[in-house]
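Take a look at the structure set out below.
The values are calculated or read from the model by the stated rules, or taken from the named source; none is laboratory data. None of these values were measured; they are calculated from a predicted model. Here the Cβ is made from the backbone with ideal geometry for all residues, glycine too, and neighbour counts use every protein chain on show. Areas reflect the complete protein model, heavy atoms only, side chains present, ligands, DNA and RNA absent. Shrake-Rupley method; radii C 1.70, N 1.55, O 1.52, S 1.80 Å.
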Amino acid sequence: MAFDHDSELTPDQSRRGLAWIFMLVLSLLVLSWAVGILWDSLASAQDEDSFVCEQPYIHDGDNIRCTGIKGRLYGIDAPEMPGACRPGRECTPGDPYASRDHLRGLIAGTTVRCRQLDTDRYGRWILRCEAEGIDLSCAQVAAGFAVKRYGQLQCRDHDAG
């Protein structure tokens, strides 16, 4: 059928065109709704195994306490505070106060999210924590305030802080 610029659409053709446009708009709305539902379910599934660390307290460069939880950051070892290095143990060298203060600086004014990976022999939760999208263990290692130890810590480039 050739298109004639001077001819007008019949009422039947106009209704079919409007019905087609209506179905297209309706389909796009349903699709965007479905994508929104999928996005929300993926986000909540990701959050199901993590929690907000309420009132975080940093004792040293690899320990974090949240309300009711004593935790240790996954995969790292930081210098021990004076008197905390048990006899016979080779403790990580460095300034424990600088390590602690760096970790405190990473979380200052942020929301800290953690995920429990395990529990150590002392009953502390082994935690993978982040603040503002920065993995705290990786940031401590990248800044030289801790070393990788006790696991298979994998860090991304942007985790350096």
Do the conditions hold for LEU18, that is, is it at pLDDT 75 or above, open to solvent by 100 Å² or more (accessible area, probe 1.4 Å) and not in a strand (DSSP E or B)? yes
If a residue must be free of Cβ contacts under 8 Å to residues at least 60 places away in the same chain and outside any loop (DSSP other than H, G, I, E, B), how many such residues does region 93-115 contain? 12
Search region 144-161 for residues that are β-branched (Val, Ile, Thr) and modelled with pLDDT of 90 or more and pair each with any residue that is outside any loop (DSSP other than H, G, I, E, B) and open to solvent by 100 Å² or more (accessible area, probe 1.4 Å) when their beta-carbon atoms are under 7 Å apart and the residues are at least 6 apart or on different chains. none
Note on region 48-69: residues of a type in the set (D, E, K, R), out of contact with any strand residue (DSSP E or B) (no Cβ under 6 Å at 6 or more places or on another chain) and surrounded by 16 or more Cβ atoms within 10 Å (Cβ to Cβ) are ASP60
Search result, residues across region 109-134 that are closer than 15 Å to GLY61 by Cβ and open to solvent by 50 Å² or more (accessible area, probe 1.4 Å): ARG124
